[in-house]
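I have placed the structure first, in the form of structure tokens, so that the comments after it can refer back to it.
Here, each number is a calculation from the coordinates, and none is a lab measurement. Computed from a predicted model, the values in this text were never measured in an experiment. A quick note on method: Cβ atoms are made from the backbone with ideal geometry, for glycine too, and the neighbour counts reach across all protein chains shown.
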Amino acid sequence: MSFKSAVITFPGSNCDRDAITYLRDLTNNDVLNIWHDETFIPSVDLIILPGGFSFGDYLRSGAMASKSNIIPEVIKHANSGKFLLGICNGFQILSEIGLLKGALIQNNKLKFLGKDCFVKKKHENKFNKLIKKDQVLQIPVAHNEGNFYCSNDDLNYLNDEELIAFEYCMGSFSNSDANINGSINNIAGITNEGKNVLGMMPHPERAYQNFHTSMDGKSIIESLIS
Amino acid sequence: MNKELILQHGLTLDEFQIIEDCLKRDLTMEELGIFSAMWNEHCCYKTSKKWLKKLPTKNDIVIQGPGENAGIIDLEDNDGIAFKIESHNHPSYIEPFNGSATGVGGILRDIFTMGARPIATLDSIRFGEIKTDKTKYLLNGVVHGIGHYGNCIGIPNIGGECEFDKTYDYNNLVNAMAIGHVKKNAIFYSKPKTVGGLIVYIGSKTGKDGIHGASMASDVFSEDDEDDKRPSVQVGDPFMEKLLMEGCLELMSSGLIESMQDMGAAGITSSSVEMASKGNVGVLINLDKIPLRQPLTPYEILLSESQERMLAVIEKGNDEKVREILKKWQIDFEVIGEITNTKRVVFESQNKKIVDLPVNIIVDDAPEYDREFYLPKKRNKRKFDLSNLTLEKMISNLLNNLNHLEKSWVYNQYDSTVMGDTVKEPGQATGIVKLHDSQKVIGASTDCNPLYIRINPELGMIYTVAEAYRNLIASNIKPMAITNNLNFASPLDPNIMGEIVLSVNGLKISASQLDTPIVSGNVSLYNQTNDAPINPTPVIGMVGSNSNINKIVSNKFQSEGDIIISIGENIDPHKSPYFLQDQEIVEDINLYNELENINLEDEKITAKILMEISDNNLLQSCNDISRGGIFMTLMKMIQKNYGFNIKASNDFELFCEYKSGYVTTIKENNLKKVFALLDENKINYEEIGRVVIEEIKINSKNIDYFDIKDQYLNNFERIIN
Amino acid sequence: MRIKILIRLKKQILEPQGKVIEQSLNNLGFEGLRNIRQGKLIELDLPENINQEEKDNIISSACKKLLVNEIIEEYEVLG
């Protein structure tokens, strides 16, 4: 079974090549690279909206990218039940599109945060099913606006429908706070109601090769193709 | 053209006379502006050229030495590595955020203008004493600015330095280094190939940014000047530069570009003059064609330092194809002139010649000075009273000194893993990235020991180069070449000029012996305010490689029970300058003893054997010994819950500096083989202890592991707030 | 016609920048300045020859579609 995937590149995306390499290595298949201005995406199993600073993060992170010409195709792909993964800036874009609840605002310490963080699975979905309960994953974050915010109603909804894919937690040998950026309820990643769209702040594509500080990022793609 | 005007433009009356004599006519204002920019220190190296010419710049692995936008070394298999370091000191003092951000922008352009995709950055930043609000403001601004620019473009920061010393109280330093990967058969130079080729402008519209920035780089500040200089700082747009970088790289791989030059200091002036000079051709440019943000006079256009702009030469007829590619990346593009065979630099506006100068007067006839210099005075031998230094006191002095503390407060504001190929992040001996889709890795480090260089510029420089060398060897990276940033005060003071001459000589000696030629670099002079010069701070950026990522050695403890071995010779505490300074024994610079001599042959042999030991997988970890001695090296090697249990014949030995010093950890059952190799090559070493869990023991004395670790990891943030 | 649109985070959202600014002003001796919040200002030129209703429509459309994220922000047209 050949797992097909595509990565969308926006002006200012800088983790697109990383996502392409990640998918190529773990699905053993070529990966399509689609420019934000195109209006058609061939049928694929997974689309990744990569990290970076699309449109410079100007106005709001992901705001202008969410209005790109390619977006209707992305929405169509998501609505048909196929997989859509937004990493970091990609998560911000998915929130701006409205495919995911809430919004990402500035880190509570007001500084860019570039370091390894620790997350664990909260609610299960096809992206994290191979991860064990209470298993701690070590994955880098690199963001200015990673602070997840949503209304109380939305938070209840996310919990009731079991849409919280990942939450920040403590890591071994580390005594820094579990919550690294002020996110409500330590939320690091959520899905939509159909659980086929995942947005997450950490970068799994930077944690899958044997020279990376951890290979915990493999589990996401492995879960999808299993 | 009166005396005032000439001096305001940073030229001496003598220099002006040379120009007038050559031209045999009056200069236009615009021409005066051109000389003001091209003949100042930053662009023509008039003070340092004589000495820089003596540096070793060639060997088998050098593809491109100094003289282009970046140096390039050969990694075999069609892989080249381009790299350079550059300063943005004065702008960072005036406006730290934008000053440092645009420094990063400038150095990245120097890399991709050669067809190399940037793959890593390092930053060497220096500030005054932290207790002033001004220093806190500068620290926050500089780190924020570097992060802002580098993170947005998406190039990982893999290392650097951050030093605090009162010598930088009024002159903070920001040196930005960048490394890029280029295919050897696709390197782009600034030399145009065909007469009749079109000169094209690519990138942001031109505004009033930085007018006279290149002259500002050479001006000495007086404290009242700040507000006057404020409008001249350039504001960068990293998003624009990301688009520019992608657009240019795509253009260069399309075969449509003949040559490329970035518009940095002195903007369109320096880039077009450089092109003409390199290609031995002339340039004819119509200033009316230049895309403008706001109305500008020809003078302003010529000197503007607006960011994110490139100059390129393309074959006639290719302009539409080029426009198409750049349109996708939303980049402005304009044909503004052509390459001529006149060997003259001609700028026109409104159909009139505004500037018409022979290229060679601007470049070849630029002044070169042989400034007077003094050698440092001989030092008396001294012994100091170390009786108050207990083990606890010595540890405490280091852990309350920003220079020794873990600096994640700084580098967590940088993205170190974007591009997915980072092997070693900041905070280790070497920053390392892998070449994409390859097993080859590149390692780099930036180093400087200003105190040593102040004591003895030539020998101090040799120590600095040796330390940079060791920082790479510690990770099993073979050192290959150097980029250097010479930061000094005013060369008009013969004492300072002596520091320049002698440290460049020290660089020559060490780079020759260690076979690490200098392939690029930058000079920043006049770093002083009123009468307070900075300590001599020639920063070395050392770059090397290993063809196999699996042979890289860690700089941190790997397992409990590993034996800790120190290598090298310790230096007597009375002769260890940083020990004496950091333990608050000596403050007056005149009281330090002479530096001990070091033997670079020993350095080379130790390095060779360590690499052999590493290649045979006998080394668990390795780190170099420098400021702070063995103790600080051991602290840097702690990760997870590892600690150390060590013995030394006296406590001072753990805090003094070393010659060719390393701390290594080795599995117990490999000791025999390792000792055999070290003995065979007469390398000095000592077994000092073991890696343990959650413990720090020195000469059987228990030091509170959790407290010390917490101080080391968190005191930096505590102190700066 | 030059329009000014003030965009702010909604009141219930914690706005750390305002707190830091308050702290800094405090340190400079301005003790009585409280409840500081930071927003952003978008200025733009509208075509001259449109009526009030068209003007309101364009502005609210632009805000809804791009300028304002109504999950976390609110806006006010100034002047």
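So what is the relative contact order of the stretch B:553-721, in percent, for Cα pairs below 8 Å that sit 6 or more residues apart?
38 percent
Rounded if a/c is under 1.5, else prolate if a/b is larger than b/c, else oblate: which is the stretch A:128-226, with a ≥ b ≥ c the root eigenvalues of its Cα gyration tensor?
Judged from the Cα gyration tensor, the stretch A:128-226 comes out oblate (a/c at least 1.5, b/c at or above a/b).
Report the extension gain between residue B:381 and residue B:195 in nm, rounded to one decimal, defined as 0.36 nm multiplied by the number of residues separating them, less their alpha carbon distance.
60.5 nm
Starting from the Kirkwood Rh over alpha-carbon pairs, what translational D in µm² s⁻¹ does the stretch B:227-382 have by Stokes-Einstein at 10 °C and 1.306 mPa s?
The estimated diffusion coefficient comes to 89 µm²/s.
Counting only helical runs of four or more DSSP H residues, what would the 222 nm mean residue ellipticity of chain C come to if each run contributes -39,500 (n - 2.57) and the total is spread over all its residues?
Calculated from helices alone, the mean residue ellipticity at 222 nm is -9000 deg cm²/dmol.
Bins of 10 Å, beginning at zero and ending with the bin holding the largest distance: percent of Cα pairs per bin for the stretch A:3-117, please.
Binned Cα distances yield the sequence 14, 48, 30, 7, 0.
Please work out the Cα center distance from the stretch B:166-202 to the stretch A:77-106, rounded to the nearest Å.
Between the Cα centre of the stretch B:166-202 and that of the stretch A:77-106, the gap is 38 Å.
Counting other C-beta atoms within 10 Å, which of A:226, B:87, B:92 has the fewest, and how do the rest follow?
Result, fewest neighbours first: A:226, B:87, B:92.
Can you sort B:235, B:433, A:7, B:692 so the residue with the fewest Cβ neighbours within 10 Å comes first?
With the sparsest Cβ surroundings first, the list reads B:235, B:692, B:433, A:7.
Would you kindly derive the ³J(HN,Hα) couplings of the stretch A:63-71 from the backbone phi angles with the Karplus curve 6.51 cos²θ - 1.76 cosθ + 1.60 (θ = phi - 60°), listing them in order in whole Hz, with x for Gly and Pro?
Those phi angles translate into 4, 6, 4, 5, 9, 5, 4, 6, 4 Hz.
Treating cross-link reach as a plain straight distance, find the lysines whose alpha-carbon is under 18 Å from the alpha-carbon of residue B:58, omitting any fewer than eight places away in the same chain.
Partners found: B:49, B:50, B:84, B:184, B:478, B:508.
For the stretch A:5-225, just the Cα set please: Rg and Dmax, both in angstrom.
Gyration radius and largest Cα-Cα distance of the stretch A:5-225: 15.7, 48 Å.
Could you tell me the ratio Rg/Rh of the stretch C:2-78? Both radii from Cα atoms, Rh via Kirkwood.
Rg divided by Rh gives 1.12.
Explain nothing, just compute: Karplus ³J(HN,Hα) = 6.51 cos²θ - 1.76 cosθ + 1.60, θ = phi - 60°, for every residue of the stretch B:374-379 in order, whole Hz, x for Gly and Pro.
These are the phi-based 3J(HN,Hα) values: 10, 7, x, 5, 5, 9 Hz.
Please tell me the relative contact order of the stretch B:256-361 in percent, rounded to the nearest whole number, where contacts are Cα pairs under 8 Å and at least six residues apart.
Normalised by residue count, the contact order of the stretch B:256-361 is 41 percent.
If the reach is capped at under 25 angstrom between alpha carbons, list the lysines near residue B:352, excluding any in the same chain fewer than eight residues apart.
Once the sequence-local lysines are set aside, what remains near residue B:352 is B:24, B:205, B:208, B:289, B:316, B:343.
Return the percentage of antiparallel bridges among DSSP beta bridges fully within chain B, rounded to the nearest 5 %.
80 percent
Could you tell me which trypsin sites (Lys or Arg not before Pro) in chain C are loop residues by DSSP with no more than 15 other beta carbons within 10 angstrom of their beta carbon?
C:10, C:11, C:34, C:37
Which helices, taking whole DSSP H runs in chain B, have alpha carbons extending 27 angstrom or more along the helix axis plus mean Kyte-Doolittle at least -1.0?
B:133-153, B:494-513
Round to a whole angstrom and tell me the spacing of the C-alpha centers of the stretch A:174-203 and the stretch A:17-35.
Cα centres, the stretch A:174-203 to the stretch A:17-35: 24 Å.
Can you work out the Karplus-derived ³J(HN,Hα) for every residue in the stretch B:62-69? Use 6.51 cos²θ - 1.76 cosθ + 1.60 with θ = phi - 60°, whole Hz, and x for glycine or proline.
3J(HN,Hα) across the stretch B:62-69, in whole Hz: 8, 8, 9, x, x, x, 10, 5.
Calculated FRET efficiency, residue A:82 and residue C:20, Cβ-Cβ r, R0 51 Å, to nearest 0.05?
My answer for the efficiency is 0.75.
Hey, got the Cα dimensions of the stretch B:553-721 along the principal axes, in Å, largest first?
Taking max minus min along each principal axis of the Cα atoms, the stretch B:553-721 gives 45, 38, 29 Å.
Testing the spin-label approximation: label points 7 Å from Cα along Cα→Cβ at residue A:110 and residue A:174. State their distance in nm.
According to this spin-label approximation, the distance is 2.4 nm.
Suppose R0 equals 60 Å; then what is the FRET efficiency for residue A:126 and residue B:130 from their Cβ-Cβ distance, rounded to the nearest 0.05?
0.75
Is the stretch A:105-162 rounded, prolate or oblate when judged by the Cα gyration tensor, a ≥ b ≥ c being the square roots of its eigenvalues, rounded requiring a/c under 1.5 and prolate requiring a/b larger than b/c?
Verdict is oblate for the stretch A:105-162.
Measuring from label point to label point, each 7 Å out along Cα→Cβ, what is the residue B:439 to residue B:679 span in nm?
In this crude label model, residue B:439 to residue B:679 measures out at 3.4 nm.
Check which residues have an amide H placed less than 5 Å from residue A:83's amide H, if you skip close sequence neighbours.
Those qualifying (amide H under 5 Å, at least 5 residues apart or on another chain) are A:47.
If you filter the stretch B:46-136 for trypsin sites (Lys or Arg not before Pro), then keep DSSP loop positions with at most 16 other Cβ within 10 Å, what is left?
Sites meeting the loop and neighbour criteria: B:53, B:54, B:58, B:131.
Taking chain A as a Gaussian network, where each spring joins two C-alpha atoms under 10 Å apart, which residue of A:147, A:186, A:175 fluctuates the most?
Of A:147, A:186, A:175, the Gaussian network model singles out A:175 as fluctuating most.
Using just the helices of chain A, give the 222 nm mean residue ellipticity in deg cm²/dmol: DSSP H runs with n ≥ 4 each add -39,500 (n - 2.57), and the total is spread over all residues, rounded to 500.
My calculation for chain A gives -6000 deg cm²/dmol from helical runs alone.
Please give the Cα centre distance for the stretch B:295-334 versus the stretch B:552-603, rounded to the nearest Å.
52 Å
With an 8 Å cut-off on Cα pairs and a minimum separation of 6 or more residues, tell me the relative contact order of chain B in percent.
Answer for chain B is 15 percent.
When the Kirkwood hydrodynamic radius is evaluated over all pairs of different C-alpha atoms of the protein assembly as shown, what value in angstrom, to one decimal, is obtained?
After inverting the mean inverse Cα-Cα distance, the result is 30.1 Å.
Which of the GluC sites (Glu not before Pro) found in the stretch B:641-721 are loop residues per DSSP with 13 or fewer other Cβ atoms within 10 Å of their Cβ?
B:694
From the helices alone, meaning DSSP H stretches of at least four residues, give me the mean residue ellipticity at 222 nm for chain B, per-run term -39500 (n - 2.57), in deg cm²/dmol to the nearest 500.
Mean residue ellipticity at 222 nm (helix-derived): -10000 deg cm²/dmol.
Which cross-chain or sequence-distant (5 or more) residues have an amide H under 5 Å from the amide H of residue B:119, H modelled 1.01 Å from N in plane?
The answer is B:179, B:180, B:181.
Give the span of chain B's Cα atoms along each principal axis, as three whole-Å numbers ordered largest to smallest.
85, 53, 44
Please give every one of the lysines within straight-line cross-link reach of residue C:55, meaning a C-alpha to C-alpha distance under 26 Å, and leave out same-chain neighbours fewer than 8 residues apart.
A:67, C:4, C:10, C:40, C:64, C:65
Name the long-range amide H neighbours of residue A:34: under 5 Å, sequence gap of 5 or more, or other chain; modelled H, no Pro or chain starts.
The answer is A:7, A:8, A:9.
Which of B:415, B:110, A:153 comes first, and how do the rest follow, when ranked by fewest Cβ neighbours within 10 Å?
In order of increasing Cβ crowding within 10 Å: A:153, B:110, B:415.
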